[in-house]
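The values are calculated or read from the model by the stated rules, or taken from the named source; none is laboratory data. Model, not experiment: these values are computed from the prediction. Positions of Cβ are backbone-derived with ideal geometry, glycine not excepted, and every protein chain shown enters the neighbour counts.
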Amino acid sequence: MASGSGIVELGIVGSRNSGKTTLVEALAKSLVELGYRVATVKHTSHDHIFDKPGKDSYRHRRAGAEMTLAISGSELALFADSTKVHRQLLMDVMATQFDICLVEGDRSAMNRWRFARL
């Protein structure tokens, strides 16, 4: 159903172990069954390093690349400094492919996002 006219962003906000992920799973499943193309974002207030030392993608970034895409036959991952990559750029890209983006996170992690929240 993606029409290129924009993407609906809906934040799922709550404290740890409050059922956010379960709600995101149920919403995503229901929306897909209704024919929507759904994207999700898992936002955390913790500092996680997803790219690991020794991996080629990690080496690319250590060499100075500000953004690296790791692409396999079945998945892709984007690695970048979250303080340097503007959220709107990512949402603009997602808006061309998806109808709805469910963003999961706790209150402190979600303060930078401005959209409807559950």
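Quick one: V32 ticks every box in (1) modelled with pLDDT of 90 or more; (2) part of a strand (DSSP E or B) bar one, so which box is it?
It fails just one condition, (2).
Enumerate the pairs (first residue in the range 31-43 and touching a residue at least 40 places away in the same chain (Cβ under 8 Å) and of a type outside the set (F, W, Y); second residue anywhere and assigned to a loop (DSSP other than H, G, I, E, B) and surrounded by fewer than 18 Cβ atoms within 10 Å (Cβ to Cβ)) with beta-carbon separation below 8 Å, excluding pairs fewer than 6 apart on the same chain, so at least 6 apart or on different chains.
R37/M1; R37/A2; R37/Q97; A39/Q97; H43/W113
Could you list, in sequence order, the residues of the range 72-88 that are surrounded by 11 or more Cβ atoms within 10 Å (Cβ to Cβ) and either touching a Gly at 6+ places or on another chain (Cβ under 7 Å) or not in a loop (DSSP other than H, G, I, E, B) (or both)?
Once the filter is applied, which keeps residues that are surrounded by 11 or more Cβ atoms within 10 Å (Cβ to Cβ) and either touching a Gly at 6+ places or on another chain (Cβ under 7 Å) or not in a loop (DSSP other than H, G, I, E, B) (or both), the range 72-88 yields A77, L78, F79, A80, R87.
Which one of these is part of a loop (DSSP other than H, G, I, E, B), out of contact with any Leu (no Cβ under 9 Å at 6 or more places or on another chain), among the polar types (S, T, N, Q) and at pLDDT below 90: S108, S3? Break it down stepwise before answering.
On the way: S108 fails: part of a loop (DSSP other than H, G, I, E, B).
Testing whether each residue is part of a loop (DSSP other than H, G, I, E, B), out of contact with any Leu (no Cβ under 9 Å at 6 or more places or on another chain), among the polar types (S, T, N, Q) and at pLDDT below 90 leaves just S3.
Quick test for you: out of E9, E25, pick the one residue that is touching a residue at least 24 places away in the same chain (Cβ under 8 Å), under 18 Å from D106 (Cβ atoms) and out of contact with any Lys or Arg (no Cβ under 7 Å at 6 or more places or on another chain). Outline the logic, then answer.
Working: E25 fails: touching a residue at least 24 places away in the same chain (Cβ under 8 Å).
Only one candidate passes the filter, namely E9.
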